[in-house]
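Peer 1: The structure's right below; bear with me while I get my questions together.
The values are calculated or read from the model by the stated rules, or taken from the named source; none is laboratory data. All figures in this text were calculated on a predicted structure; none of them were measured in a lab. With ideal geometry, Cβ positions are generated from the backbone for all residues, glycine too; neighbour counts draw on all protein chains shown. In case anyone asks, the SASA skips ligands and DNA or RNA and just uses the protein heavy atoms, side chains included. Shrake-Rupley method; radii C 1.70, N 1.55, O 1.52, S 1.80 Å.
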Amino acid sequence: MTKKSFISVISHEEKKENKGSIEFQVFCFSNKIRRLTSHLQLHKKDYSSQRGLRKILGKRQRLLVYLSKKDGVRYKELIEQLNIRKRKTG
């Protein structure tokens, strides 16, 4: 529930303010990735969708690397809020 509430808060705030922000772009890519992943679970041999998923993953990865280099605090907050990365234990 907290993930959905956060996503709705981001989508409403960011649509009004800044669609070009890194956080909003990563949020949109994450939504597309979830949608394509669920699609590919049903259609395993849809190779064009697999290619599209890989391209979107690469774009999101590049944005996250840029954000981590530019502002580590915003990067960590975004990762925690969207629950993208697994936490390192050890």
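Peer 1: Could you tell me what a quarter of the Cα convex hull surface of region 21-82 works out to, in nm² with one decimal place? List each step's numbers first, then the result.
Peer 2: Details: hull surface 16.3 nm².
Its average projected convex-hull area is 4.1 nm².
Peer 1: Based on Cβ point charges of +1 for Lys and Arg and -1 for Asp and Glu, what charge dipole magnitude is obtained for region 21-82 about its Cα centre, in debye rounded to the nearest 20? Intermediate values should be presented prior to the final figure.
Peer 2: Details: 15 positive and 5 negative charges, 74 e Å.
It works out to roughly 360 debye.
Peer 1: Of the accessible area of region 21-82, with the probe set at 1.4 angstrom, what percent is carbon plus sulfur?
Peer 2: Numbers: 2280 of 4190 Å².
Answer for region 21-82: carbon and sulfur cover 54 percent of the accessible area.
Peer 1: Determine how large the accessible area of ARG74 is when every protein chain is in place; take a 1.4 Å probe and give Å² rounded to the nearest 10.
Peer 2: The value for ARG74 is about 80 Å².
Peer 1: THR37 versus ARG54, label points 7 Å from Cα toward the beta carbon: distance in nm?
Peer 2: Once both label points are built, they end up 1.8 nm from each other.
Peer 1: Let me ask something additional. Within 10 Å, count the other beta carbons around each residue, average over each peptide in 32-45, 57-70, and list them highest first.
Peer 2: So the peptides 32-45, 57-70, ranked by packing, come out 57-70, 32-45.
Peer 1: Related question: Measure off 7 Å from each Cα along the Cα-to-Cβ vector at ASP46 and LYS70, then give the distance between these two points in nanometres to one decimal.
Peer 2: 3.2
Peer 1: Could you state the accessible area per residue of region 21-82 in Å², with a 1.4 Å probe and every protein chain left in place?
Peer 2: On the way: 4190 Å² over 62 residues.
I get 68 Å² per residue for this part.
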